[in-house]
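Here the structure comes first, spelled out in structure tokens, and everything after it is commentary.
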Amino acid sequence: MTLINNLSITREYIAQAYQASNQKARKPTLIAVSKTKPVADIIAAWNYGQRDFGENKVQEAQKKFLPLRDQGLEFKLHLIGPLQTNKAADAVALFDVIHTVDRLKLALALHQAMQKQQRYPDLLVQVNTGNEPQKAGVLPNDATAFVQECLQIGLPIKGLMCIPPINVDPEPHFAWLASLACQLRLSELSMGMSKDYTQAIRYNATYVRIGSAIFGDRE
Ligand SMILES: *Cc1c(COP(=O)(O)O)cnc(C)c1O
């Protein structure tokens, strides 16, 4: 089956890229990005040992993954898309890692939801490393102050995430994000997608978010 083949090849490439890196960070966790894909594909990947899944929308993730959790399947769910403040509580209830914290209002809403639910997903700050107007994330110049603000309100930030602009060399973006994480003493780096994850691993990515290389092209 193609999906299993893809998954197996992707794991192999990750292992090779990690071996070839200076291995300063832990081996990267492969997040299988299942957005727009059917539950049958998720189950097929799960049966092949995949445990980390990524979705970019709260509602779609609830619909697909809540029934699986109710059935007793164990997995870690990652939110990799922009989060609206009014969905913060739903996100805290469902996700294990939220990669897209990018503004104070959202940080406050997450903090409140976490206190109320006594549930503490890992949180990463998304940085718009390419300064792209249409893209979510804090601007590079604001990233340090924002992470510190989050810490001040009692929100533990574990790491940083970025999506480099398309059609440019992603490596300077990965390098910059890695050095910022190092300065801020943050251990997690979420960077690298289907086309560039081996490069991201060279810069110590700890999470790679891979969709089409596993599940095939999206509509
Ligand atoms: C869709 C998506 C991915 C996966 O993209 P592929 O190119 O299909 O691997 C990774 N990260 C984010 C934030 C995404 O929205």
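Residue 1 satisfies every condition listed in (1) within 22 Å of residue 201 (Cβ to Cβ); (2) in contact (Cβ under 8 Å) with a residue 24 or more places away in the chain except (1). Just one of the numbered conditions (1) at pLDDT below 95; (2) among the polar types (S, T, N, Q); (3) touching a strand residue (DSSP E or B) at 6+ places or on another chain (Cβ under 9 Å) is not true of residue 10: (1).
Within the stretch 155-183, residues that are farther than 22 Å from residue 56 by Cα have Cβ atoms under 8 Å from residues that are of a type in the set (Ser, Thr, Tyr) in these pairs: 171/203; 175/203; 176/129; 178/203; 180/144; 181/187; 183/144, counting only partners at least 6 apart in sequence or on another chain.
So, of the residues in the stretch 183-199 that are among the small types (Gly, Ala, Ser) and within 13 Å of the ligand (Cβ to nearest atom), which turns out to be nearest to residue 3 (Cα to Cα)? Looking at the filtered set, the residue picked out is 194.
So that you can scan it fast, the table gives a plain yes or no per residue for (1) touching a strand residue (DSSP E or B) at 6+ places or on another chain (Cβ under 8 Å); (2) loosely packed, with under 13 Cβ neighbours inside 10 Å; (3) of a type in the set (Val, Ile, Thr):
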residue: 35; (1), (2), (3): yes, no, no
residue: 58; (1), (2), (3): yes, no, yes
residue: 86; (1), (2), (3): no, yes, no
residue: 93; (1), (2), (3): no, no, no
residue: 106; (1), (2), (3): no, no, no
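When 160, 180, 123, 155 are screened for being more than 16 Å from the ligand (Cβ to nearest atom), outside any loop (DSSP other than H, G, I, E, B) and not polar (S, T, N, Q), only 180 passes. Going by what's in this entry, would residue 160 be described as modelled with pLDDT of 95 or more, over 15 Å from residue 22 (Cβ atoms) and within 15 Å of the chain's Cα centre (by Cα)? Yes, satisfied. Scanning the stretch 29-43 for residues that are in contact (Cβ under 8 Å) with a residue 12 or more places away in the chain and farther than 21 Å from residue 193 by Cβ gives 39, 43. Could you tell me whether residue 202 is within 15 Å of the ligand (Cβ to nearest atom) and charged (D, E, K, R)? Taking the combined requirement at face value, the residue does not satisfy it. Restricting attention to the stretch 13-33, and to residues there that are surrounded by 20 or more Cβ atoms within 10 Å (Cβ to Cβ) and either at pLDDT below 95 or under 24 Å from residue 90 (Cβ atoms) (or both), which single residue is nearest to the ligand (Cβ to nearest atom)? That would be 33. Among the residues of the stretch 56-78, is any within 16 Å of the ligand (Cβ to nearest atom), under 17 Å from the mean Cα position of the chain (by Cα) and touching a residue at least 60 places away in the same chain (Cβ under 8 Å)? Yes, the conditions are met somewhere in the stretch 56-78.
The values are calculated or read from the model by the stated rules, or taken from the named source; none is laboratory data. Just so we're clear, the structure is a prediction, and the values are computed from it rather than from any experiment. A quick note on method: Cβ atoms are made from the backbone with ideal geometry, for glycine too, and the neighbour counts reach across all protein chains shown.
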